[in-house]
Amino acid sequence: MRFILPLATIFLLAGCTAPRPVAPPGPVTVAMPALPPPPPKPAAVGPDWRDWPPTPGVWSYRRDPRGSIALFGPAYGEAVLVLRCDRAARMLYLSRAGDHAATLTLRTTSLTRMLNAVPTGNAEEPFIAVAIKPGDPLLDAMGFSRGHFVLELAGTPPLVVPAWAEIERVTEDCRG
């Protein structure tokens with residue numbers, strides 16, 4: 001009991017502190033969440049094609065009555081590049097959007113080739129295409145290029161396309 005009375009006095013005195021002054025009402029500042037940084041600007045196309053930014057898109061593969069086909073383009077969008085195997089003709093066709101005969105430049109890590117493309121398709125879906133024999137080393141160069149290859153057509157942005165398995169799959173379908 002000797003300790004209770006002094007202890008109680010200490011607690012009572014500790015509770016008797018002077019009230020803190022209240023700040024006068026003023027403008028309320030609400031912290032806003034930070035805005036996300038702006039998306040990075042596309043890299044400038046420099047002199048070395050291996051440093052060019054990739055064309056957005058994915059490859060897809062399917063069989064059709066003529067053989068098989070690999071399509072590259074935005075997911076759920078229209079293809080911008082097509083590789084088709086026509087088994088009856090024993091020929092592969094590489095196509096991209098275009099409406100007049102033109103020279104395409106195809107660059108891979110192992111070779112660069114100029115190809116003469118001719119119009120195919122129709123007025124609603126103009127494409128140009130080149131025919132490639134199944135044994136042409138260009139097909140393997142595309143399929144095994146380190147990371148990607150490039151297809152250039154004057155007056156249009158280059159297609160910087162990933163070297164995925166769909167290319168070799170269509171090629172083997174025509175060779176087999």
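Taken together, the values in this text are just the output of simple stated rules run on the coordinates, not laboratory data. This one's a predicted model, so the numbers in the text were calculated from it and none came from an experiment. Counting neighbours? That spans all protein chains shown, and the Cβs are built from the backbone with ideal geometry, glycine included.
Going by average Cβ neighbours within 10 Å, how do the peptides 118-131, 82-95 rank, with the highest at the top?
82-95, 118-131
Using the Cα atoms of the stretch 57-175 to build a convex hull, what is its mean projected area in square nanometres?
For the Cα atoms of the stretch 57-175, the hull's average projected area reads 6.9 nm².
Using 0.36 nm times the number of residues separating Asp136 and Asp64, minus their current alpha carbon distance, what extension gain do you get?
My answer for the length gained is 23.7 nm.
I want the local charge near Gly135. Using Cβ-Cβ distances under 11 Å, sum +1 for each Lys or Arg and -1 for each Asp or Glu among the other residues.
+1
Let me have the relative contact order for the stretch 57-175, percent, based on Cα pairs under 8 Å that are six or more residues apart.
Dividing the mean separation by the residue count of the stretch 57-175 yields 24 percent.
Could you tell me the distance between the Cα centroids of the stretch 52-99 and the stretch 114-176, to the nearest Å?
Their Cα centres are 8 Å away from one another.
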